[in-house]
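Peer 1: Could you have a look at this structure, given as structure tokens, before my questions?
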Amino acid sequence: SKKPAKKAHKAPTAQIRNFDMIEAFYANYPKKLAAVRTKLNRPLTLSEKILFTHLYDPEAVKEYKRGASYAEFRPDRAGTHDIGGPMAILQFMVSGKKRIALPAAMVCDHLVTANAGARKDIAFADHYNKETYDFLRTVSRRYGFDFWPAGSGICHQVFLENYDFPGGMMLVTDSHTPTACGLGMLAIGVGGADLVDALMGSEWELKMPKLIGVKLTGKLQGWASPKDVILRVAQILTTKGGTNCIIEYFGDGANTISATGKATIGNMGAEVGSTTSVFPYDSHMKAYLKATNREAVADLADGVAKDLQADPEVYAHPEKYFDRVIELNLSELKPLINGPLSPDAAMELDKVGDTLAKKNLPENIEVALVGSCTNSSYEDFTRAASIVKQCLDKGVKIKTPLIVVPGSVRIRETLKRDGILQQFEKLNATVMTTACGPCIGQWDRHIGDKTKVNTIIESFNRNFAGRNDGSKKTQAFLASPEIVVAMAINGDMRFNPLTSTVTGANGVSFKLATPVGEELPAKGFATNVGGCIIPDFKQVPVVVAPNAERIRLLTPFPAWNGKDYVDLPLLIKAKGKCTTDHISPGGKWLPYRGNIDRISDNLLERATNAFNGKSQSVWNVVNKDYESPAKTARLYKNKGIQSIIVGDDNYGEGSSREHAAMEPRYLGVVVVLAKSLARIHESNLKKQGVLALTFVDPKDYDKIREKDRISVLGLSQIAPGKTVTIVCKHEDGTEDRFQAQHSYNAKQLTWFRAGSAMNALGKA
Ligand code: F3S
């Protein structure tokens, strides 16, 4: 029965990127799963099926302790963008490998500022970000990324339209990567160092996630939309409730939601801190794959459909197989508005006005925004357009300026072809570039006054202070696109689209009719969409302009010289919380993430010196004065002086930002010794060749004095599980001696000796 199916999809597969890999995946999936079943011999959730069939070592199938033990995986695909990509690729280049180990795509979406509308903004971005784009274009061609230039779309939308497939596993350097759950993929947002693991083809490590099952029953009614599902889930779980968890949706209700609606739900799973979200494969995913010319992928998925969902026993008794189960009746779900400043602060529409009044926030809405990577589907736009149309038909002028950010060129051109974008424009909406723009602070906002406390409403995903327009005064509220448009009509947060009336040009008041939309375009998606540059692996020279500000090629860190570290000056003894954001802040430093030299100027900018309680003030042993850690470390580097950082509890917690490990390494820090190290940061330190140690007795932290010279002895015998000796020579001639421990395994010790994991892996 297999043969005819193959024949039927022979022609279109040529246009499906990496179809060979996808075909091999589906051919192997049943075998791999059978091996998992033999070992575990119990019913499996969908998350487990995907996780276990992606273990790096298929022999490593066992009962992992969820939320505690670590497992190593081999993803099918990877992706990155113009902020996450540069440093990851620069590191990959150090390894000397000729090509990346798995199919991957690079999308230029974050560095486009939304200002004057699509065409002008792209021209400006191409000029302003030339260094970064030239670099990314050439490395993509050479090492094997599909390259999507600025203006092609937002990465998650691009991935959904082109690459995602049911049952697969994907890593992308962006927290909203789980958008791919719209097509049943297990897709996880990671830091650059993790991406490098995937690009190198090495093991990618993850704490085995706990599982939250969300059982959906019923069917969305009226104004309620998939966005409201996740706004409600966020309210239930709160912003921390999904940490180290996969959210697995199931139930009859799941099958009533479009693929793109599921994508919206997965996208905002990031707002509750979850590792990712997943939905079982269904007819909506099949329809979306077909509509995006991937019928052949749907055919293959159909062949294993019963294992692209959990086993029936799991659905019968979910409480036995999930760590937590939440039930949601879609038929009862009402539209919600979440905010301000936190995506979990959900309100039903009739509560919004009073809540704002209590918080003394403006009820007047200054800007309304629809689109972004969260809500850019045909269904989203047609539902919102059905509200727009009512305004146009009745001559209603909307009070709040509307901004439209389509998630990709493909969706934008489809909407244009079908006359939908034009309707928004008739209502005076501004259509911005198909890029992140106002979602990530890349928004040169001209509307209203962002210097005063002001209210905006958006169909995006994040509403933290300073997120959209960079202003901490802006209070952003999240809602579905149709609610956003409806709220823009009166420009007033007290307006309730379900009950309030709108006055037409003829002075007659009317109630808005319930939004209606189409799941997929009847005429298919627009095909006049270019964009992607396919790599040819030609060994083209990598373009980095001389004196480039944004990109600096990395030279490999030097190998360890085989000797103990002796008499290191202390760069800082950090006190209290010292997250990766304290070590390498973002904000204005963002554009320099591809230039290690430039970005190292922010080293430890926000860390507190334990001796004076100040930031940006550490003792410089050369100048004999207090200076910033970055200046001090740079002077040491220039003089060939190595140094040590001492940290408090959970040093390096927060994001997986590898710059927090690379910068100290670049400026000559060879040891980080802390009471305890945040796990991902510890792993990043190891990868960059910085010796990561913890005090055997955390009280020894108190023995470190400001002007100490610190030695680490016993390094030639360093071995897994063996301690090393720390000697602190104090200024008064006395000294303290104590033990420090490490968590290196034998492989990681080869990284230390080689100077970095890249050096070691490049030699392998
Ligand atoms: Fe992130 Fe861009 Fe979406 S900033 S949230 S990927 S629009």
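Computed from the coordinates by the stated procedures, all read-outs in this text should not be read as laboratory data. All of these numbers come straight from a predicted model, not from anything done at the bench. Because the Cβ atoms are built from the backbone with ideal geometry, glycine has one as well, and the counts that use them run over all protein chains shown.
Peer 1: Just to be sure I understand the model, the point goes 7 Å from the Cα along the line to the Cβ. What's the resulting Ser716 to Glu518 distance in nm?
Peer 2: 7.7
Peer 1: Hey, fewest Cβ within 10 Å first, where do Trp589, Trp751 land in order?
Peer 2: Values: Trp589 16, Trp751 20.
Ranking Trp589, Trp751 by Cβ neighbours within 10 Å, fewest first, gives Trp589, Trp751.
Peer 1: Can I ask one more? In the chain, if the dipole is taken from +1 on Lys/Arg beta carbons and -1 on Asp/Glu beta carbons about the Cα centre, which of Val502, Gly689, Tyr315 is farthest to the positive end?
Peer 2: Of the candidates, Gly689 comes out farthest on the positive side.
Peer 1: Next up: Where the centroid of each part is defined by its Cα atoms, how far is region 26-94 from region 401-452 in Å?
Peer 2: Cα centroid to Cα centroid, the span is 37 Å.
Peer 1: Rank Leu333, Phe250, Val409 by how far each Cα sits towards the positive end of the charge dipole of the chain (+1 on Lys, Arg Cβ; -1 on Asp, Glu Cβ) and give me just the farthest.
Peer 2: Val409
Peer 1: Enter the Cα centre distance for the pair region 481-559 and region 228-305, rounded to the nearest angstrom.
Peer 2: 19
Peer 1: Moving on. Excluding residues fewer than 8 places away in the same chain, name every one of the aspartates and glutamates whose C-alpha is closer than 12 Å to that of Lys575.
Peer 2: Output for Lys575: Asp648, Asp649, Asp702.
Peer 1: Would you calculate the volume per residue, in Å³, of the smallest convex hull containing every Cα atom of region 2-331?
Peer 2: Details: hull volume 47.9 nm³, N = 330.
Roughly 145 Å³ of hull volume per residue.
Peer 1: Please compute the net charge surrounding Ser69, taking Lys and Arg as +1 and Asp and Glu as -1 over other residues with Cβ under 15 Å from its Cβ.
Peer 2: Working: positive: Lys62, Lys65, Arg66, Lys207, Lys210, Arg679; negative: Glu48, Asp57, Glu63, Glu72, Glu203, Glu205, Asp323.
Taking every Cβ under 15 Å from that of Ser69, the sum is -1.
Peer 1: Still on this structure, I have one more. Give the separation of the Cα centroids, region 630-688 to region 310-372, in Å.
Peer 2: So the two Cα centres are separated by 40 Å.
Peer 1: For Arg494 and Lys120, what does the FRET efficiency come to when R0 = 25 Å and r is the distance between their Cβ atoms, rounded to the nearest 0.05? Intermediate results must be reported in sequence, preceding the final value.
Peer 2: Working: r = 36 Å, r/R0 = 1.44.
Here the calculated transfer efficiency is 0.10.
Peer 1: Let me have the 222 nm mean residue ellipticity of the chain computed from DSSP H runs of 4+ only, each contributing -39500 (n - 2.57), with the sum over all residues rounded to the nearest 500. Provide the component values of the computation, followed by the final result.
Peer 2: Details: 27 runs with 242 residues, N = 764.
Only helices count here, giving -9000 deg cm²/dmol.
Peer 1: At a Förster radius of 60 Å, what calculated FRET efficiency corresponds to the Cβ-Cβ distance of Lys426 and Glu72, to the nearest 0.05? Walk me through the numbers before you get to the answer.
Peer 2: Working: r = 54 Å, r/R0 = 0.90.
After rounding to 0.05, the efficiency reads 0.65.
Peer 1: Under a Cβ-only charge scheme (Lys and Arg +1, Asp and Glu -1), can you give me the dipole magnitude of region 62-180 about the Cα centre, in debye to the nearest 20?
Peer 2: Numbers: 14 positive and 13 negative charges, 92 e Å.
Dipole about the Cα centre, nearest 20: 440 debye.
Peer 1: Here is a follow-up. Starting from 0.36 nm per residue, how many nanometres of slack lie between Phe510 and Asn255 once their C-alpha separation is accounted for?
Peer 2: Values: separation 255, 0.36 × 255 = 91.80 nm, distance 3.43 nm.
Between Phe510 and Asn255, full extension yields an extra 88.4 nm.
Peer 1: If each of Lys747 and Ile447 carries a label point 7 Å out from its Cα toward its Cβ, how far apart are those two points in nm?
Peer 2: 5.1
Peer 1: Where does the charge balance sit around Glu363 when Lys and Arg score +1, Asp and Glu -1, over other residues with C-beta under 15 Å from its C-beta? Mind dumping the intermediate values first?
Peer 2: Working: positive: Lys351, Lys358, Lys359, Lys399, Lys452, Arg494; negative: Asp350, Asp354, Glu366, Asp492.
Value of the local net charge: +2.
Peer 1: Find out how many positive minus negative residues lie around Arg598, taking Lys and Arg as positive, Asp and Glu as negative, among other residues whose Cβ is under 12 Å from that of Arg598. Don't skip to the answer; put the middle values down first.
Peer 2: Working: positive: Arg550, Arg552, Lys588, Arg593, Arg634; negative: Glu131, Glu549, Asp597, Asp601, Glu663.
Overall, the nearby charge balance is 0.
Peer 1: Antiparallel DSSP bridges in region 201-335: what percent, to the nearest 5? Provide the component values of the computation, followed by the final result.
Peer 2: Numbers: 1 of 16 bridges.
Within region 201-335, antiparallel bridges account for around 5 percent of the total.
Peer 1: Next up: What are the principal axis extents of the Cα atoms in region 336-511, in Å, biggest first?
Peer 2: Between the extreme Cα coordinates on each principal axis of region 336-511 lie 41, 39, 26 Å.
Peer 1: Further question: Rounded to the nearest 20 Debye, what is the dipole magnitude of region 222-292 about its Cα centre when Lys and Arg each give +1 and Asp and Glu each give -1 at the C-beta?
Peer 2: Details: 6 positive and 5 negative charges, 28 e Å.
Around 140 debye, computed over region 222-292.
Peer 1: Neighbouring Cβ atoms within 10 Å as the yardstick, rank Val396, Val190 fewest first.
Peer 2: On the way: Val396 19, Val190 26.
Fewest to most other Cβ atoms nearby, the residues stand as Val396, Val190.
Peer 1: Shifting gears a bit: Note down the relative contact order for the chain as a percent, whole number, built from C-alpha pairs under 8 angstrom at least six residues apart.
Peer 2: On the way: 1803 pairs, mean separation 98.4, N = 764.
Reported as a whole number, the value is 13 percent.
Peer 1: Among Glu518, Glu59, which comes first, second and so on when ranked by fewest other beta-carbon atoms within 10 Å? Mind dumping the intermediate values first?
Peer 2: Values: Glu518 16, Glu59 9.
By the 10 Å Cβ count, ascending, the order reads Glu59, Glu518.
Peer 1: While we're on this one: How many nm separate the modelled label positions at Thr38 and Thr243, each set 7 Å beyond the Cα in the direction of the Cβ?
Peer 2: In this crude label model, Thr38 to Thr243 measures out at 4.0 nm.
Peer 1: Another question, then. With unit charges on the beta carbon (Lys/Arg positive, Asp/Glu negative), name the residue among Val672, Ile50, Pro535 whose Cα is farthest towards the positive pole of the charge dipole of the chain.
Peer 2: Farthest towards the positive end: Pro535.
Peer 1: Something else now. Subtract the Cα-Cα distance of Lys639 and Thr725 from 0.36 nm times their separation in residues, and report this length gain in nm to one decimal. It would help to have the intermediate numbers written out before the result.
Peer 2: On the way: separation 86, 0.36 × 86 = 30.96 nm, distance 2.63 nm.
Net length gain for the segment: 28.3 nm.
Peer 1: Taking the Cα centre of the chain as the origin, how large is its charge dipole in debye, to the nearest 20, when only Lys and Arg (+1) and Asp and Glu (-1) carry charge on their Cβ atoms?
Peer 2: Values: 98 positive and 82 negative charges, 208 e Å.
Here the chain has a charge dipole of around 1000 debye.
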